[in-house]
Amino acid sequence: MKQDSPSTCQKTVLDNGLRVLSYSMPGTRSVSTCIFVGTGSRYEDDPRAGISHFLEHMLFKGTYRRPSSIDISSAIEEVGGMINGATDRELTSYWCKVAQPYFLKALDVLIDMVRNPLLDSQEMEKERGVVQEELSASNDYPNYRAEMLIDQMLWPNQPMGRDVGGSKESVQGITREMMDGYFRSQYVSSNVVISVAGDISHAEVLEAVAPLTQGWPQGTPGTWHPAVHENQTNPKVCVEYRRTEQAHLLLALPGISTYHPDRYPLDIMSTVLGEGMSSRLFMEVRERRGLAYEVHSSASHFRDTGSFVIYLGVAPKKATYAAKTVLDELGRLKTGVPENELERAKGLAKGRLLLRMEDTRAVAAWSGLQELLRNQVLTVDQVVEHIDAVTCQDVARVANDFLVQGKLNLAVVGPFRSDRQFQSLLGV
């Protein structure tokens with residue numbers, strides 16, 4: 001096995017290619033373990049849309065040693081622990097957080113789930129219905145539906161623009177053979193990262209992980225589908241009628257990948273605009289004009305693409321006025337950001353990052369996610385340095401580069417029969 005030199009976050013690559021990371025946090029009472037697998041909705045073709053998410057559900061339904069879901073959940077909950085999983089576009093994760101004395105038990109349960117699932121046919125049919133109900137529930141939330149519409153507008157007719165869970169129809173078509181084949185293809189040792197954080201040494205983590213992962217199948221996993229970007233030159237509007245009390249608006253522009261040199265300037269621009277109660281959007285839309293309860297912006301970064309999104313929940317009769325207010329603030333960003341406002345935004349970004357690092361689960365995820373997606377782990381201090389390096393000129397530059405009228409996308413879910421007022425707003 002290959003082992004890095006000692007540091008706050010230590011990494012060992014086992015002989016089978018599986019990566020083990022640990023982050024020592026002396027004085028903490030919990031230990032969190034995260035297992036990340038390099039697979040998600042970007043790895044799926046259309047007939048298998050949703051299989052990553054469906055498989056994640058099935059790994060909680062029983063193993064050869066723990067043949068039912070209650071055997072898995074009770075093993076963790078009887079010691080006061082928490083266990084869960086999640087599927088995203090570029091990864092699937094499983095995590096467990098327990099008090100330090102129960103680390104070995106939790107690790108055994110989690111690795112057993114990921115290595116030895118039964119994928120029982122009868123359980124699969126029951127869980128198929130659960131997954132389809134989850135999709136129905138998500139569709140019932142108008143703000144979530146608006147997110148789906150904006151993804152389809154940014155990345156039409158491709159995995160990046162699909163719901164991570166697929167559709168009811170695609171989930172219905174997934175067979176036990178398809179799922180077993182997908183599991184064997186993607187859950188190979190070189191495609192897995194195990195990350196542990198807590199009051200525990202790297203040597204202790206390795207001693208526990210090595211015997212549980214011995215003989216883990218090796219192989220070359222399937223690859224992800226690259227994003228296809230349209231050459232958008234005119235704004236686009238999509239309105240979906242719903243009888244709702246609020247109108248849910250998402251305004252989005254194409255963003256940048258996690259590797260792009262402007263990642264941190266764009267993130268800080270988003271912080272200035274719409275993150276926190278002192279942001280421009282919160283102050284202008286909510287505090288000064290009283291137009292909305294919730295308004296915020298966010299930047300998302302993926303392997304080869306990204307997005308910049310603003311969300312607004314507003315009374316339908318105020319929707320156009322509120323959206324125009326947001327557009328005015330986007331225009332104001334292009335004229336620059338004062339030094340004191342920039343420093344406040346950088347302080348918010350740094351402070352919230354540092355506060356997250358007090359939680360063992362957040363730290364385990366921090367290390368594991370970066371290792372899986374970037375093949376390197378930046379320290380908190382390194383990220384803080386990147387944030388500190390952002391200048392007022394950087395923010396003005398990315399605002400002018402990325403906040404382009406012709407690339408605007410607006411998704412609206414609410415009681416509107418026509419998109420005419422929104423088309424006019426964007427000058428379509």
Approximate spin-label separation Gln100-Ser73, in nm, with each point projected 7 Å along Cα-to-Cβ: 3.0
Pair Val228, Tyr64: separation of 7 Å Cα→Cβ label points (nm): 4.2
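How much length, in nm to one decimal, is gained on full extension between Glu240 and Glu385, taken as 0.36 nm per residue of separation minus their Cα-Cα distance?
On the way: separation 145, 0.36 × 145 = 52.20 nm, distance 4.31 nm.
My answer for the length gained is 47.9 nm.
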For the chain, built as a Gaussian network whose Cα springs stay under 10 Å, the top-fluctuating residue of Tyr187, Tyr259, Tyr23: Tyr259
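How many percent of the accessible area of the range 92-205 is carbon or sulfur, using a 1.4 Å probe? Before the final figure, lay out the partial values.
Working: 2170 of 4480 Å².
The computed percentage sits at 48.
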Solvent accessible area, Å² - Tyr144, 1.4 Å probe, full protein context: 70
Cα gyration tensor shape of the range 1-97, rounded if a/c is under 1.5, else prolate or oblate by comparing a/b with b/c: oblate
Under 19 Å from the Arg29 label point (7 Å along Cα→beta-carbon), backbone N, the range 36-78: 76-78
Residue among Cys96, Cys34, Cys392 with the largest mean-square fluctuation in a Gaussian network model of the chain, springs linking Cα atoms under 10 Å: Cys392
0 to 90° range, to nearest 10: angle between helix 176-186 axis and the chain longest Cα axis: 90
3J(HN,Hα) from dihedral phi, the range 21-30, Karplus parametrisation 6.51/-1.76/1.60, rounded to Hz, x for glycine, proline: 10, 9, 10, 6, 10, x, x, 7, 9, 10
Hz values of 3J(HN,Hα) by residue in the range 84-93 - Karplus curve (6.51, -1.76, 1.60), Gly and Pro given as x: 6, x, 7, 10, 10, 5, 10, 7, 10, 10
Added length on full extension, which subtracts the Cα-Cα distance from 0.36 nm per residue, Glu339 to Asp401: 20.3 nm
Size of charge dipole - the chain - debye, nearest 20, with Cβ of Lys, Arg +1 and Asp, Glu -1, no other charges: 960
Residue-normalised accessible area of the range 213-310, expressed per residue, 1.4 Å probe, Å²: 48
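The values are calculated or read from the model by the stated rules, or taken from the named source; none is laboratory data. Just so it is clear, the structure is predicted and the values come from calculations on it, not from any experiment. We place every Cβ from the backbone using ideal geometry, glycine too, and count neighbours over all the protein chains shown. Side chains included, ligands, DNA and RNA excluded: accessible areas come from the protein's heavy atoms. Shrake-Rupley method; radii C 1.70, N 1.55, O 1.52, S 1.80 Å.
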